[in-house]
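Notes for the one structure printed next.
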Amino acid sequence: MFMCNQCGECCRRLEQSAVYAGLNRGDGVCRYLRGNICSIYKGRPLLCRVDECYEIYFKNQYNYEEYIKLNHEACDLLKREKGGI
């Protein structure tokens with residue numbers, strides 16, 4: 001399972017991917033982000049569900065460990081860009 005520390009950085013960079021355009025409130029931030037927490041967490045879109053996305057979109061491209069590692073690397077990169085690491 002992907003362990004999220006709820007920093008919210010992935011929800012503040014939506015302009016970096018057209019996939020999330022429908023969630024962008026116009027400034028790159030997700031319309032559902034409140035502080036660092038998703039206000040619709042239990043009903044969040046599939047693309048925001050790391051583990052479920054793996055099963056549907058990525059299990060034929062990566063093994064699970066590699067996929068989680070890539071997600072953590074992307075997470076760490078976003079934090080570094082902000083200056084959080």
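The values are calculated or read from the model by the stated rules, or taken from the named source; none is laboratory data. Not measured: the values here are computed from a predicted model. Heads up, the Cβs are rebuilt from the backbone with ideal geometry, glycines too, and the neighbour counts pull from every protein chain shown. Quick note on the areas: whole protein, heavy atoms, side chains included, nothing else; ligands and nucleic acids left out. Shrake-Rupley method; radii C 1.70, N 1.55, O 1.52, S 1.80 Å.
Contact list please: Cβ distance under 6 Å, first residue in region 27-40 and at negative phi, second residue open to solvent by less than 60 Å² (accessible area, probe 1.4 Å) and in a strand (DSSP E or B), pairs at least six apart or on different chains.
Listed by first residue and then by second, the contacts come to Tyr32/Cys38.
Name every residue in region 1-26 that is of a type in the set (Gly, Ala, Ser), touching a Leu at 6+ places or on another chain (Cβ under 8 Å) and outside any helix (DSSP H, G or I), in order of residue number.
Listed by number, the list holds a single entry, Gly8.
Hey, does region 56-77 have a residue that's assigned to a helix (DSSP H, G or I), surrounded by fewer than 11 Cβ atoms within 10 Å (Cβ to Cβ) and of a type in the set (Gly, Ala, Ser)?
no
Pairs under 9 Å by beta carbon, first residue within 14 Å of Arg13 (Cα to Cα) in region 61-79, partner open to solvent by less than 60 Å² (accessible area, probe 1.4 Å) and assigned to a helix (DSSP H, G or I), six or more apart or different chains?
Pairs found: Cys75/Glu9; Leu78/Glu9; Lys79/Glu9.
So, Val50, is that one open to solvent by less than 50 Å² (accessible area, probe 1.4 Å) and either aromatic (Phe, Trp, Tyr) or under 14 Å from the mean Cα position of the chain (by Cα) (or both) or not?
Yes.
Does region 27-45 hold any residues that are in a strand (DSSP E or B) and open to solvent by less than 50 Å² (accessible area, probe 1.4 Å), and which are they?
Matches in region 27-45: Cys30, Leu33, Cys38.
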